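Taking it in order: structure first as structure tokens, then the write-up.
The values are calculated or read from the model by the stated rules, or taken from the named source; none is laboratory data. Small disclaimer: the values here were computed from a predicted structure and weren't measured. For neighbour counting, all protein chains shown are included, and Cβ atoms are generated from backbone atoms with ideal geometry for every residue, glycine included. These area figures cover heavy atoms from the full protein model, side chains too; ligands, DNA and RNA do not enter into them. Shrake-Rupley method; radii C 1.70, N 1.55, O 1.52, S 1.80 Å.
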Amino acid sequence: INKSLLALKECIRALDQNSKHVPFRGSTLTSVLKDSFIGNCRTVMIANVSPGTASCEHTMNTLRYANRVKQLKGASKGRDPG
């Protein structure tokens, strides 16, 4: 799971930085989600957060990640899907 999440993070980083190449082949997860990022479709991201103070750091990281993905809306059109 961690390898797939790392590959997903790298894809999101490449999309965010307007990279010419997005490494969707980094994992099965990113290969499956490729159309969600570059295709003509709607994607929903559900962020599971906790109100507890013990989970504050994880909650903030999750919300930052979800916000970064949200900002990619429509930004990936016309990119090399490789």
If you scan the stretch 4-22, which residues turn out to be at pLDDT 85 or above, closer than 15 Å to residue 72 by Cβ and either in a helix (DSSP H, G or I) or in contact with a Cys (Cβ under 8 Å, 6 or more places away or on another chain) (or both)? 8, 9, 10, 11, 12, 13, 14, 15, 22
If you check every pair at least six apart or on different chains, which have Cβ atoms under 6 Å apart with a residue in the stretch 1-12 that is without any contact (Cβ under 8 Å) to a residue 12 or more places away in the chain first and a residue that is open to solvent by 100 Å² or more (accessible area, probe 1.4 Å) and not charged (D, E, K, R) second? none
If I go through the stretch 56-70 residue by residue, how many of them are over 22 Å from residue 14 (Cα atoms) and surrounded by 14 or more Cβ atoms within 10 Å (Cβ to Cβ)? 1
Residue, least open to solvent (accessible area, probe 1.4 Å), within the stretch 36-54, restricted to residues that are over 20 Å from residue 1 (Cα atoms) and part of a helix (DSSP H, G or I): 38
Taking the condition of being open to solvent by 50 Å² or more (accessible area, probe 1.4 Å) and within 11 Å of residue 6 (Cβ to Cβ), how many residues in the stretch 17-32 meet it? 1
